[in-house]
Amino acid sequence: MKNIKQKILIILATLSLVIGFFAVPAGVFAAVTVDEAIDSGTSKILSTGKLADDWQSLGVARSNTPASKEVRQARYNDIVAYLNQSDRLSATDFERTIIGVVSIGGDPTHIPEATTHKNLVEELYQSNAMNSGVNAMIYGLLALQTKEYAVPENANFSIQEMVDKLLSLQKADGGWALGGAVGDVDMTGMAITALAKYKDMPGVSTALDRSVAWLSSVQLKSGGFKGWSNENSNSLSQALMAITLTGNDPKGALFTKDSDMITALMTYRTADGGFKWLPTDTQSNGMALEQALYALTQYKFYLNGSGSIYDFVNNPVPQLIETPVEPDPSTEEPSSSAEPGTEDSNSSDSNVSSEDSSTTTSISDGSDENTEETISDSEGSSNVEKNTTDSSEAGIIGDTDSSTTAPSKEADEEAVQNTSNNANSDNAKSLPSTGEANDYMFLSVLLGASMLLVGVFFLAKNKRKQNN
């Protein structure tokens, strides 16, 4: 009987040690959630005290913690300086800057501080975008879908013509590329992102189906993608944008090989909260971070059913300029006429936030988004500069004084609500939201430590019995 008890004690002690041995490391190295990756990436960008370019502006605007009004105003000042020092801008310059301006809450159709480039949308429509390559088609469609802009009478193209031109550039395999006959993952992801909004136009849906099928066929076993002969995070980020905007699940069967796209992208995350470019890199890369950031925010929009991060009509951001509603004297009633105990509607209307799309408190007509401007004209794939150009070095000319009115405090306080209820998106797919992974880690470590102590106790007790 004594031997049986000793064996039971030894078995229990062994099990406790094994469970504790695995539970502690599992807790310590608990997986970072999508929300936590977004939060840490945003913090890394904002730790510099500025937004360095248009794509940073887009990613941060769609994060859980958009930039403060001071940071966004500083970015706007940099853009104005850039515009004032640039006599000639290419089509892609206009396009990226429009996206950037909208992202920080500016109006690309009304930049009074600029000496010549006061209406970027009008200048884009009057540019030679249709003959400026595949990138001009992609960025053009992305820029023009940020808001519902009026088309000038002297426009050189229409959105329909731009869509048709981009469709004509699709390769036989279903992809897009800067040149040659074979599709490139980066350009294909970007083209799909640009076309997704126009899926109801003739030929678009068929083209998107072909391109999505091609992306699935070239996905690696790791869940990632190659671009420019290297497996890298930038290509994966652009593919993630495309997959989610076409309604496909990046963790679903079509895009899960040995691993899925989200899991693969998270392997590029670095200890400092950034993202690296190549799997073998040891340091984070600025361009890789900004692309991973806006791709992960698009994934959250997909989980929430919020549409596109480029849609600033249905997914508004805090504005740089707000103007109060001017009351109509013919209809306004004196506040003293209000019934006791009732609310004076005339006095309260002017306090409605401009973020409410049902009001008219915003100065812009739907073009009040972030402004992001990258000076370097990387006309090619998103991989062209990623190993040599950090995003923090691009797009900044310097601060200039601006007469633009600073955004109200209320606009900044509502920033999180204006990013499509990001905090709830992980729960929609049973992913732990920010903070839960740390709770799981604590419980796992506690369980592991407890089991280790139990195992040690049983072994010590058994040894004492044997000595006696």
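How long are the semi-axes of the equivalent ellipsoid of region 34-146, defined as square roots of 5 times the Cα gyration tensor eigenvalues? Whole Å, largest first.
Details: eigenvalues 132, 57, 22 Å².
After scaling each eigenvalue by five and taking roots: 26, 17, 10 Å.
List the residues whose amide H sits under 5 Å from the amide H of GLY105, counting only those 5 or more places along or on another chain, with H placed 1.01 Å from N in the peptide plane.
So GLY105 has HN proximity to GLU369, ASN370, THR371.
Taking the inverse of the average 1/r across all pairs of different Cα atoms in region 167-278, what Kirkwood radius in Å do you get?
Details: mean 1/r = 0.0713 Å⁻¹.
Over region 167-278, the inverse of the mean reciprocal pair distance is 14.0 Å.
Ranked highest first by average number of other Cβ atoms within 10 Å, how do 247-259, 105-117 line up? Each step should come with its number before you reach the end.
On the way: 247-259: 15.5, 105-117: 21.1.
Descending packing order for the listed peptides: 105-117, 247-259.
Taking amide H atoms as placed 1.01 Å from N in the peptide plane, list the residues 5 or more away in sequence, or in a different chain, whose amide H sits under 5 Å from that of TRP176.
LYS171, ASP184, THR188
Using the basic label-point model (7 angstrom from Cα toward the beta carbon), what is the ASP209 to ASN128 distance in nanometres?
3.9
What pairs in LYS69/LYS199; LYS118/LYS300; LYS44/LYS226 have C-alpha atoms more than 31 Å from each other?
Beyond 31 Å: LYS69/LYS199; LYS118/LYS300.
Each reported figure results from applying straightforward, stated rules to the coordinates on display, with no laboratory input. Here the structure is a predicted model, which means the values were calculated and not measured. Using ideal geometry, Cβ is built from the backbone for each residue, glycine included, and neighbour counts are taken over all protein chains shown.
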